[in-house]
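Report on one structure; see the data block that follows.
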Amino acid sequence: MAIAPKEEGLPASNVRAGTRTARSQRKPRRPAAETREDILNTAEELFRTKGFTNVAVADVAAALGMSPANVFKHFHSKVDLVDAISVRHLEAMIERLARPDDRKAPPERLLLFVEQLMESHLQDLQKSPHIFEMIVFSAGQELACAEQYREMLIDDITRIIDAGVESGVYHVKDSRKTAEVAAMALACVLHPVLIAREKADILATRCREVVALIDTALQNPLAK
C-alpha cells in the first residue's frame, strides 16, 4: 500500500497553535489617552528645545516612532496641538494659583488677584518662552484654551464683585456683565502678548492704576 508523501511545512494543528501563540504575545493596544499624552509631552519638549516654528507634526511623529497619520488621528493639526498643550498648561496654572481670599475686602481682593495672575504670566514667559511663541502663533484663532482662560478670569472677578455688592462697597446690577468689561480692561496687564516685553516695574504700576480705576467705577452709585 502506497504511503502518501508528507506535505512540506508544519501540520495544520501546529500552524493554528503558532498563530494563537503569536496573537497572545502581541502587546495590548495602549489606551488612546496614553498615546495622546505621549504626543503632547513630546511635542512640547520639541517646541521647547527647537522652537515652535521649527517643529512640524512629522517631527513629533518621528520622535515617537510613529507615522504622522497616527498623530493626526489624535490632533488634526499643529494648532490643535497648541490648543491641547495650552489647556494643560492653563489647568496647571489655575491649580497652583490661589483663589481670591474671602477674608479680605473686595477692593483688596481684586488687586491681589490681578497682581498674582500677572506675576504668574510673567514667570511663565520667562521659564517657558515656547508657550509665548505658541500664543503669538495662534493669536486670532478660536482656541479652547483662550475661552477657558477667559471664563476663569470672569468667574473670579464676578465673585469678587458679588462680594462687594453684598457688603455694600460696590454698586452693580449685572455683576457678570461688569466682570466681562473689567476683564477686557485688565488685558493690558494680563494678556501675555501685551506684557511679554514690558518692564516689570511699569507693569506693576499699570496694574495698580487699572485696578484702582475699575474699583472706583464699581464703587460709584451711578454704576447701576
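The values are calculated or read from the model by the stated rules, or taken from the named source; none is laboratory data. Source: prediction; values computed, not measured. For neighbour counting, all protein chains shown are included, and Cβ atoms are generated from backbone atoms with ideal geometry for every residue, glycine included.
Results for (1) modelled with pLDDT of 95 or more; (2) loosely packed, with under 14 Cβ neighbours inside 10 Å; (3) more than 18 Å from the chain's Cα centre (by Cα); (4) not small (G, A, S), shown as yes or no for each residue.
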| site | (1), (2), (3), (4) |
| --- | --- |
| E147 | no, yes, no, yes |
| R159 | no, no, yes, yes |
| S167 | no, yes, yes, no |
| C188 | no, no, yes, yes |
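Only one of A62, A22 is among the small types (G, A, S), part of a helix (DSSP H, G or I) and either surrounded by 10 or more Cβ atoms within 10 Å (Cβ to Cβ) or at pLDDT 80 or above (or both); which? Answer to the selection: A62.
Quick check on my filter: what residues within segment 42-67 are without any contact (Cβ under 8 Å) to a residue 24 or more places away in the chain and among the β-branched types (V, I, T)?
T42, T49, V55, V60
Can E142 be described as in the same structural domain as A217 (by TED's automatic domain parsing), at pLDDT below 85 and among the acidic types (D, E)? So E142 passes the test.
Looking at L40, L90, L64, which one is within 21 Å of S128 (Cα to Cα), outside the structural domain of I154 (by TED's automatic domain parsing) and among the hydrophobic types (A, V, I, L, M, F, W, C)? The conditions single out L40.
For segment 203-210, indicate whether the set of residues that are assigned to a helix (DSSP H, G or I), modelled with pLDDT of 95 or more and surrounded by fewer than 13 Cβ atoms within 10 Å (Cβ to Cβ) is non-empty. Scanning segment 203-210, I find at least one residue that is assigned to a helix (DSSP H, G or I), modelled with pLDDT of 95 or more and surrounded by fewer than 13 Cβ atoms within 10 Å (Cβ to Cβ), so the answer is yes. Considering every residue within segment 68-80, establish whether at least one is touching a residue at least 60 places away in the same chain (Cβ under 8 Å) and of a type in the set (S, T, N, Q). No, that holds for no residue. Evaluating K173 against the criteria (1) assigned to a loop (DSSP other than H, G, I, E, B); (2) touching a Pro at 6+ places or on another chain (Cβ under 8 Å) leaves one unmet condition, (2). Only residues that are assigned to a helix (DSSP H, G or I), of a type outside the set (K, R) and surrounded by fewer than 20 Cβ atoms within 10 Å (Cβ to Cβ) were counted in segment 84-110, giving 10.
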